[in-house]
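**Student:** One structure, as structure tokens, below. Some questions next.
Computed from the coordinates by the stated procedures, all read-outs in this text should not be read as laboratory data. Bear in mind that the values here come from a model prediction, so they are computed numbers and not experimental data. No Cβ is skipped: glycine too gets one built from the backbone with ideal geometry, and neighbour counts run over all protein chains shown.
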Amino acid sequence: MSGKQAKLSIDQQTIDLPVYSGTLGPDVIDVKDVLAKGYFTFDPGFMATASCESKITYIDGDQGILLHRGYPIEQLATQSTYEEVCYLLLNGELPSPVQMQDFRDRIKSHTMVHEQLQFFYRGFRRDAHPMAVMCGVVGALSAFYHDSLDIRNPEHRQVSAIRLIAKMPTIAAMCYKYSEGQPFMYPRNDLDYSANFLRMMFGNPCEDYEVNPVLARAMDRIFILHADHEQNASTSTVRMAGSTEANPFACIAAGIAALWGPSHGGANEAVLRMLGEIGSVDKVDDFVRRVKDKNDGTKLMGFGHRVYKNFDPRAKVMKQTCDEVLNALGIQDPQLELAMKLEDIALKDDYFVSRKLYPNVDFYSGIILKAIGIPMSLFTVIFALGRTPGWIAHWQEMISNPYKIARPRQLYTGSLQRNYVPANQR
Ligand code: SDX
């Protein structure tokens with residue numbers, strides 16, 4: 001509570017509304033009292049709505065700042081590991097070495113999925129989009145873990161969190177192997193998290209697979225850059241599903257479904273398709289012209305953000321990682337040159353500058369994923385894998401504090417009440 005008050009004057013009455021201050025960011029006006037006066041607030045897309053109180057992630061869109069439990073993303077991406085960021089998001093503090101080892105050991109003891117789960121994949125065509133498979137399989141996890149679905153039991157919540165973080169790489173790699181017609185690979189507990197994922201993706205039972213440490217480090221950094229992002233659409237979906245007391249696996253499956261859209265997590269795949277359609281640097285000017293033509297309906301995918309009106313700090317780290325990985329692998333990817341040309345033009349063009357459209361996390365991620373060998377259809381699966389600890393942290397934060405079922409209202413502009421007309425009188 002800030003002690004401040006907002007006054008809303010309407011229809012000759014004044015409504016006093018409390019104002020709360022957080023530790024960072026704008027104050028918020030508590031509007032729930034307008035209901036007692038017969039009003040709803042109206043904010044389609046929640047442009048100006050704080051849906052909850054949270055201590056997990058802070059974004060300053062104007063300054064391009066992203067903090068996870070107070071730690072800047074640039075420092076976490078270059079100095080931490082994904083498993084350590086998972087621990088931080090879930091527990092609020094960086095772990096001691098003993099706590100980190102215990103967390104890592106707990107994850108390793110849950111990396112396998114139930115042997116029956118593999119048969120869920122067979123219900124899909126081999127060319128099914130991997131996000132469709134991941135939605136189905138993650139939702140199906142709740143059919144296997146009846147021992148940990150009591151959301152009021154902190155231990156159940158904790159074991160569900162560990163199971164999801166541990167099994168997402170296995171499930172994601174199985175999505176890829178199934179689409180390739182190759183046998184599933186079992187996780188290996190002697191490998192670190194991201195190296196284990198790459199081996200399950202690209203190894204096969206016929207020979208040993210040596211994970212390239214450059215790629216493992218890049219993969220780990222990509223997971224860190226996707227780990228959480230405040231109340232984005234998929235995280236808000238997880239919170240909404242969780243507010244009905246649905247089990248955690250169902251809530252995460254709902255988040256995966258919401259992430260799939262090209263306006264959200266599906267943008268990384270859309271960026272690579274866009275670069276493919278543009279084709280070459282000499283076609284960039286014409287593409288930018290089409291983007292600026294409102295009638296054309298073309299968007300510069302990987303650009304723009306609801307919150308960032310400056311550079312997305314993750315995009316900066318992603319671009320550095322892109323350079324490192326391509327140099328380390330000796331890859332000259334013309335699509336990187338194309339992306340950099342697009343960025344260069346857009347950042348000087350008033351259409352983008354006036355709308356504060358900058359590269360977001362998705363603009364460069366696909367180029368790195370492609371260099372690692374991950375097919376475009378799996379890019380959003382990688383995003384979902386990376387975002388899992390964020391989704392779970394928000395779900396846990398909501399469930400372990402007082403909450404109410406999320407149930408927005410509306411501005412109704414439909415028909416007034418009228419009587420039914422039998423078909424023979426219409
Ligand atoms: C993610 O919320 C999160 O935190 C998400 C995320 C996370 O980590 O969870 O950061 C991940 O989803 C990143 C965003 C990935 N999506 C894309 O890259 C798709 C392309 N971007 C746009 O669809 C758009 O920028 C959004 C959806 C990201 C944001 O849309 P907003 O905030 O609703 O803004 P808007 O659509 O109202 O755009 C404002 C103006 C409009 O022009 P005018 O009507 O004012 O003339 O900017 C234009 C838009 O047409 N615009 C674009 C554009 N993005 C916005 N024009 C061309 N290309 C674009 N990419």
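**Student:** What value in Å³ per residue do you get for the convex hull of the alpha-carbon atoms in the chain? Please list the in-between numbers first.
**Tutor:** Values: hull volume 90.4 nm³, N = 426.
Convex hull volume per residue, Cα atoms: 212 Å³.
**Student:** Run the reach check for Lys177 against lysines, Cα to Cα strictly under 25 Å, same-chain hits fewer than 8 apart removed. What comes back?
**Tutor:** Filter leaves Lys108, Lys167, Lys370.
**Student:** Further question: In nm, to one decimal, how far is the Leu149 label point from the Gln12 one, both placed 7 Å along Cα→Cβ?
**Tutor:** Taking the two extended label points, one gets 5.7 nm.
**Student:** Remind me, what semi-axes does segment 1-137 give for its equivalent ellipsoid, largest first in whole Å, using sqrt of 5 times each Cα gyration tensor eigenvalue?
**Tutor:** One finds semi-axes of 42, 25, 14 Å for segment 1-137.
**Student:** Quick check: convex hull of the Cα atoms in segment 31-91, volume per residue, rounded to a whole Å³?
**Tutor:** Dividing the Cα hull volume of segment 31-91 by its residues yields 117 Å³.
**Student:** Something else: For segment 311-426, build the charge dipole from Cβ charges (+1 Lys, Arg; -1 Asp, Glu) around the Cα centre, then report which of Leu385, Gly366, Ala346 sits farthest towards its positive end.
**Tutor:** Of the listed residues, the answer is Leu385.
**Student:** Between Glu115, Glu324, Glu83, find the one with the highest GNM mean-square fluctuation for the chain; connect C-alpha pairs within less than 10 Å.
**Tutor:** Sorting by GNM fluctuation, first place goes to Glu115.
**Student:** Got a sec? How would Glu210, Glu180 order by Cβ neighbour count within 10 Å, fewest to most?
**Tutor:** Lowest to highest Cβ neighbour count: Glu210, Glu180.
**Student:** At 25 °C and a viscosity of 0.890 mPa s, what translational diffusion coefficient does Stokes-Einstein give for segment 276-426, taking Rh as the Kirkwood radius over Cα pairs? Give it in µm²/s as a whole number. Intermediate values should be presented prior to the final figure.
**Tutor:** Numbers: Rh = 19.3 Å.
Taking Rh from Cα pairs, D becomes 127 µm²/s.
**Student:** How many angstrom separate the Cα center of segment 127-148 from the Cα center of segment 236-265?
**Tutor:** Computed from Cα coordinates, the inter-centre distance equals 13 Å.
**Student:** Still on this model: Cα atoms only, segment 238-340: Rg and Dmax in Å?
**Tutor:** 17.5, 53
**Student:** Here's another thing I want to ask about it. Treat the count of other C-beta atoms within 10 Å as a stand-in for reagent exposure and order Val28, Val381 from fewest to most.
**Tutor:** Val28, Val381
**Student:** Need one number: convex hull volume per residue for segment 182-241, Cα atoms only, in Å³.
**Tutor:** Measuring per residue, one finds 123 Å³ for the Cα hull of segment 182-241.
**Student:** Quick one: Glu277, Glu269, fewest Cβ neighbours within 10 Å first, how do they rank?
**Tutor:** Glu277, Glu269
**Student:** Please express the shape of segment 69-166 as an equivalent ellipsoid: the semi-axes are the square roots of 5 times the eigenvalues of the C-alpha gyration tensor, given largest first in whole angstrom. Intermediate results must be reported in sequence, preceding the final value.
**Tutor:** Working: eigenvalues 168, 67, 29 Å².
Working through the eigenvalues yields semi-axes of 29, 18, 12 Å.
**Student:** In addition: Leaving out same-chain residues fewer than 8 places away, which lysines sit with a Cα under 20 Å from that of Lys283?
**Tutor:** By straight Cα distance, Lys283 reaches Lys292, Lys294, Lys299, Lys341, Lys348.
**Student:** Give the residue from Pro169, Phe119, Met201 lying farthest towards the positive end of the charge dipole for segment 114-228; charges sit on Cβ (+1 for Lys and Arg, -1 for Asp and Glu) and the dipole is referred to the Cα centre.
**Tutor:** Phe119
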